[in-house]
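Okay, so here's the structure we're looking at.
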Amino acid sequence: MDENISDQAFPDYRLFGRRQDRPLKPRQQRLMAELLPTVAITKDEINQASHEARPIWLEIGFGGGEHLAWHAARNPHVLLIGAEPFINGVAKLLTAIEEQKLNNVRILHGDARDLLSYFPAGSIERMFVLHPDPWPKKKHHKRRIVSPLLLGEAARILSPEAEMRVASDIPDYIRWTLMQVQIHNRRSQDFGWSASCKADWTDASDDWPQTRYEAKAIKEGRVPTYLSFRRLSPKAKGPDARSKESS
Ligand SMILES: C[S@@+](CC[C@H](N)C(=O)[O-])C[C@H]1O[C@@H](n2cnc3c(N)ncnc32)[C@H](O)[C@@H]1O
């Protein structure tokens, strides 16, 4: 089978900024050359992993990978898959994999959109989109990763009751995300947002570690918001949705 991961379903807008900032240190260069090929996710592996009982969690845009490594270390029964085009971030995660001897992490060094269509329906148990690039100008909103296409793919690949976490310190991005979910739900009521009091979105749960970007945002006086959505199962959606889905 072709090992290259690529998908044309999403439009060809670039969604991310720089692919690299500082030059890699010698250790990072070695990890990119030697360790990355052994942990790079392939279509075959996605296929195989989705037929195993082991849960799969997916992080889109893992930045420096500290959040992903944190979960991988505490959840050895889970396969953590992360996608990130930023080379310095990938190199940081590889360092964590080597130092912490993590053997349950797979990486796509590239655009997460190229990965999504390879996951079978209902194969992901948790998905993280943490502090996505804000693209503040209106003409760039189409580049925001939280989009109708992403939510459509998320609804397909998340298993019933799976969790999708989105965090941002940009109020407009939070509004945008809630609106995108609402628009998606008008067509197909796939996502539930179970927040019942303010603390549900102002406080991160104990198993929601801070990311590098988030720490910087807090230091600069911005306030993160944490959104946790559930992939509704047909039962939770009610009888109308159930009969629509089965028809
Ligand atoms: C603002 S940073 C946040 C990084 C990290 N989640 C954190 O909170 O520290 C957004 C990240 O998303 C990545 N990104 C943007 N578009 C992406 C895409 N289509 N696929 C995967 N990663 C993407 C960027 O390269 C960048 O590292």
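Quick note: the coordinates plus some simple rules give every number you see, no bench work behind them. Predicted model, so just to flag it, every value in this text is computed and none were measured. Cβ coordinates were reconstructed from backbone atoms using ideal geometry, including for glycine residues, and neighbour counts include every protein chain displayed.
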Item to check | Additional length obtainable on full extension of the chain from residue 206 to residue 121, 0.36 nm per residue less Cα span | outcome: 27.7 nm
Checklist outcome for this item: For the range 88-97, Karplus-derived ³J(HN,Hα) couplings (6.51, -1.76, 1.60; θ = phi - 60°; whole Hz; x for glycine and proline) come out as 5, x, 4, 4, 5, 5, 4, 4, 5, 4
Checklist entry - What is the gain in length, in nm to one decimal, between residue 233 and residue 27 on full extension, counting 0.36 nm per residue of separation less the C-alpha to C-alpha distance? => result 69.6 nm
Checklist entry - How many percent of DSSP beta bridges within the range 26-246 run antiparallel, rounded to 5? => result 30 percent
Item to check | Potential lengthening between residue 14 and residue 222 on full extension [0.36 nm per residue; Cα-Cα distance subtracted] | outcome: 72.3 nm
Checklist entry - Taking R0 as 30 Å, what's the FRET efficiency between residue 196 and residue 141 from their Cβ-Cβ distance, rounded to 0.05? => result 0.55
Checklist outcome for this item: The value for the chain (convex hull of the alpha-carbon atoms, volume per residue, Å³) is 145 Å³
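Sequence gap at least 6, Cα distance under 8 Å: using those rules, report the relative contact order of the range 70-150 to the nearest whole percent.
Reported as a whole number, the value is 26 percent.
Assuming R0 = 41 Å, what is the FRET efficiency of residue 187 and residue 40, from their Cβ-Cβ distance, to the nearest 0.05?
Efficiency computed from Cβ-Cβ geometry: 0.70.
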